[in-house]
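A.B. asks: Quick one: the structure is below, questions incoming.
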Amino acid sequence: MEIILTKDVTNLGYANDILTVKNGYARNYLIPQGYAILATPSNKKMVAETVKQRAFKAQKIKAEAEDLAKAIEAVSVRIGAKAAQNGKIYGSVNSLQIAEALKEQHDIEVDRKKIYIDGESVKETGEYVAKVNLAKDVTANIKFEVYAE
């Protein structure tokens, strides 16, 4: 089934992308949740016009995202956590804590939903890298260190 995404969907595509997905996925999840619409000829024309009008705006957003990516890659974040003697921390470090530390330490705001940690969560002290998806083709790696408080 051919659909047009209305919102960014992780591991699938970005808004205004025209994709082919399985019928059940489209009918039972994407369309009812408001993530997609059917790709009828009239909807395709409407999306083509919208994309054409937003081309200039998209270039500006991409340029801002690239500048933000350079700023993020140039910094390192330190996150304190209560830890045992062997280095294991109580609880875990997640994307929310990384976003808050980035805001506090370097005054850079990033939505926590755009930060992805390899291996889901961090449960030991040490240095790690998280991936930040800033725009359609712009990603940055943020280095962070978890230390015992």
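Read the figures in this text as sums done on the coordinates, not as results from a lab. Small disclaimer: the values here were computed from a predicted structure and weren't measured. When we count neighbours, we look across all protein chains shown, and the Cβ atoms used for this are built from the backbone with ideal geometry, even at glycine.
A.B. asks: Calculate the spin-label point distance for residue 18 paired with residue 121, positioning each point 7 Å from the Cα along the beta-carbon direction, and give it in nanometres.
C.D. replies: About 4.3 nm, to one decimal.
A.B. asks: Another question about this same structure. How would region 20-149 be classified by its alpha-carbon gyration tensor: rounded, prolate or oblate, with rounded meaning a/c under 1.5 and the a/b versus b/c comparison settling the rest?
C.D. replies: Oblate is the answer for region 20-149, as a/c is 1.5 or above yet b/c matches or exceeds a/b.
A.B. asks: Taking the chain as a Gaussian network, Cα atoms linked when under 10 Å apart, which of 128, 14, 29 shows the biggest mean-square fluctuation?
C.D. replies: 29
A.B. asks: Suppose only helical runs count, i.e. DSSP H with n ≥ 4. What mean residue ellipticity at 222 nm does that imply for the chain under -39500 (n - 2.57) per run, divided by all residues and rounded to the nearest 500 deg cm²/dmol?
C.D. replies: The helix contribution divided over the chain gives -10000 deg cm²/dmol.
A.B. asks: What percent do you get for the relative contact order of region 64-148 when only Cα pairs under 8 Å and 6+ apart count?
C.D. replies: Numbers: 154 pairs, mean separation 33.0, N = 85.
With pairs under 8 Å counted, the relative contact order is 39 percent.
A.B. asks: Continuing with this model, one more query. So how far apart, in nm, are the two label points at residue 44 and residue 143 if each is 7 Å from Cα heading toward Cβ?
C.D. replies: Roughly 4.8 nm, to one decimal.
A.B. asks: Let me ask something else about it. Using the structure shown, list the pairs from 70/136; 52/136; 45/113; 7/44; 88/114 with a Cα-Cα distance above 21 Å, or answer none.
C.D. replies: In this structure, 45/113; 88/114 lie more than 21 Å apart at Cα.
A.B. asks: Could you tell me how many degrees, from 0 to 90 and to the nearest 10, lie between the Cα long axis of helix 55-74 and the main elongation axis, the longest principal axis, of the Cα atoms of the chain?
C.D. replies: 10
A.B. asks: Then there's this: Tell me the relative contact order for the chain as a rounded percent, counting alpha carbon contacts under 8 Å between residues six or more apart.
C.D. replies: With pairs under 8 Å counted, the relative contact order is 21 percent.
A.B. asks: Please turn the phi angles of region 38-50 into ³J(HN,Hα) values with the Karplus equation 6.51 cos²θ - 1.76 cosθ + 1.60 (θ = phi - 60°), one per residue in order, whole Hz, x for glycine and proline.
C.D. replies: Going residue by residue, I get 5, 8, 7, x, 5, 5, 5, 5, 4, 5, 4, 5, 4 Hz, with x marking Gly and Pro.
A.B. asks: Right, next: For residue 77, which sequence-distant residues (separation of 5 or more, or a different chain) have an amide H within less than 5 Å of its own amide H, given hydrogens modelled in the peptide plane?
C.D. replies: Placed amide hydrogens put 143, 144, 145 under 5 Å from residue 77.
A.B. asks: Then there is this: Quick one: net charge of residue 2's neighbours, Cβ under 15 Å, K/R +1, D/E -1?
C.D. replies: That sum, taken over residues with Cβ under 15 Å, equals +3.
A.B. asks: How would you classify region 3-89 from its alpha-carbon gyration tensor, with a ≥ b ≥ c the square roots of the eigenvalues: rounded for a/c under 1.5, else prolate if a/b is greater than b/c, otherwise oblate?
C.D. replies: oblate
A.B. asks: Cross-link candidates for residue 82: which lysines have Cα within less than 18 Å, leaving aside residues fewer than 8 places away along the same chain?
C.D. replies: By straight Cα distance, residue 82 reaches 123.
A.B. asks: Where the centroid of each part is defined by its Cα atoms, how far is region 45-88 from region 115-149 in Å?
C.D. replies: Centre-to-centre (Cα) distance: 13 Å.
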